[in-house]
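Worksheet: the structure to be examined is printed underneath.
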Amino acid sequence: MDMKKLTADFCWENGAWQDRSLTDEEKYRKMGEWALRARGANPLAFDAVSAWLLEDAQWGPEELEKNREALMQGIIGRFREQTARLRADLETLEPKELVNPAVYGALERFADALAGRPPEGQQREAAELLFSGFARMGERQVREKIAGGRTGAYGTDTVESFGYLNYLKNCDAEVQWTLFMPELVKRQQAGFTLADFSYRKLPALRFVGFEGEAYREKEARQNKMAELDALEGYRALPGDILLMHHYGKGVDAGPWHGVWGRFFQAGTPVPEGLLSFDFVASFTGAGQSGPPYVAQFAHAVFSGDREAMHAREGFDSDAMYDVTRNVMLGQDVPIPYPEKYWTAEVFPQGCSGESAEYFFSAVLEGEEA
């Protein structure tokens with residue numbers, strides 16, 4: 001294994017914003033540009049480290065000291081130095097409002113993880129094994145807990161095991177997102193604007209609806225939607241809805257499902273021939289991947305050119321999806337992907353009309369609804 005390449009594949013900051021001739025605004029822009037480049041490089045660089053950890057031939061007794069230096073100093077140690085330096089540089093910028101405040105929480109979380117203090121659970125156990133001494137790194141089961149699974153170029157591929165490196169990878173991404181997403185969101189609003197954005201945490205709900213190719217036709221789905229009129233007394237949220245989900249699987253593992261319907265109160269009776277999905281109020285006790293989903297989400301309302309807000313070229317999904325998601329990432333609001341991930345388009349004037357609102361599943365702090 002080429003140890004130099006293993007570390008060089010990461011996009012490390014190179015001090016581009018240290019130039020004293022730059023204004024603070026220009027320095028901050030340079031930080032965002034670096035973060036965007038790092039987002040393109042680091043997921044695969046982390047995957048390469050995971051693959052290296054799982055190569056048994058690389059982890060004989062005679063290799064441990066060299067590998068310890070590569071991992072603990074060349075990668076984890078370098079990230080610790082970079083994270084501390086980035087925070088210090090951000091804190092010098094004026095005015096203070098120039099900096100997205102969400103970046104500081106992301107940096108603190110990353111610093112804790114790099115010091116071997118991720119949250120309780122499997123990642124904490126793996127970190128303790130790594131930081132308590134390197135001798136046990138010769139054991140494959142220990143390295144598996146640290147390596148986790150490879151998540152691909154976008155960091156979204158499904159993994160069977162979520163290891164300490166997966167958590168570091170996510171923390172790295174969160175720092176990057178808070179640095180470049182706010183500016184990207186501004187650029188993405190071409191021909192339309194984000195008129196309103198809020199987070200909602202609701203009591204338990206039941207979504208009742210239907211899916212199928214036949215309902216691509218407006219008349220067919222309008223006729224089917226009329227069956228829900230008998231439940232109007234149970235209605236919890238206005239508008240017709242296109243609920244989109246993958247049954248708790250990653251987009252690489254589970255097919256996309258689009259279900260037309262409406263949100264009703266919990267326990268609403270489900271007419272024969274229709275589907276239902278329950279939404280609970282809290283992630284506590286929500287169970288494993290897939291339904292029930294959780295009634296916590298971002299609510300984005302758009303205005304402007306309808307064609308522009310539904311454009312797909314240059315977007316991961318379409319403009320409304322990307323902007324809603326990217327606002328959340330820029331604000332360091334977690335998305336429960338893939339286990340409890342769902343999104344929805346809202347059609348205020350009915351399913352045969354136009355959509356200019358979006359719901360996006362979120363993990364929200366605070367008291368339950």
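The values are calculated or read from the model by the stated rules, or taken from the named source; none is laboratory data. All values reported here derive from a predicted model rather than from experimental measurement. Backbone-built Cβ (ideal geometry, glycine too); neighbour counts: all protein chains shown. Surface accessibility is based on the protein's heavy atoms, side chains included, excluding ligands, DNA and RNA. Shrake-Rupley method; radii C 1.70, N 1.55, O 1.52, S 1.80 Å.
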Taking Cα atoms only, helix 24-53 is inclined relative to the longest principal axis of the chain by an angle, in degrees rounded to 10, of 80
By how many degrees, 0 to 90 and rounded to 10, does the Cα axis of helix 122-131 deviate from the longest principal axis of the chain?
-> 10
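Based on Cβ point charges of +1 for Lys and Arg and -1 for Asp and Glu, what charge dipole magnitude is obtained for the chain about its Cα centre, in debye rounded to the nearest 20?
So the magnitude is around 400 debye.
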How high is the relative contact order of the chain, given as a whole-number percent (alpha carbon pairs under 8 Å, six or more residues apart)?
-> 17
When the helix-only estimate is applied to the chain (DSSP H runs of n ≥ 4, each -39,500 (n - 2.57), divided by the residue count), what is the mean residue ellipticity at 222 nm, nearest 500 deg cm²/dmol?
-> -11500 deg cm²/dmol
Contact order relative to length of region 247-336, as percent, for alpha carbon pairs under 8 angstrom and 6 or more apart | 18
Can you give the angle from 0 to 90° between the axis of helix 102-114 and the longest principal axis of the chain, with both taken from C-alpha atoms, to the nearest 10?
-> 50
Place a +1 charge on the Cβ of each Lys and Arg in region 231-334 and a -1 charge on the Cβ of each Asp and Glu, then give the dipole magnitude about the Cα centre in debye, rounded to the nearest 20.
-> 260
Leaving out ligands and nucleic acids, note down the accessible area per residue over region 213-295 with a 1.4 angstrom probe, in whole Å².
-> 52
Read-out Rg/Rh (Cα atoms, Kirkwood Rh), candidates (1) 0.96; (2) 1.20; (3) 1.02; calculated match is (3)
What net charge is computed for the residues neighbouring PRO119, neighbours being all others with C-beta under 10 Å from the C-beta of PRO119, Lys and Arg scored +1, Asp and Glu -1?
-> +1
Once the other residues with Cβ under 14 Å from the Cβ of TRP34 are scored (Lys, Arg +1; Asp, Glu -1), what is the net sum?
-> -1
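For region 69-141, which whole-number percentage of the solvent-accessible area (1.4 Å probe, protein heavy atoms only) is attributable to carbon and sulfur atoms?
49
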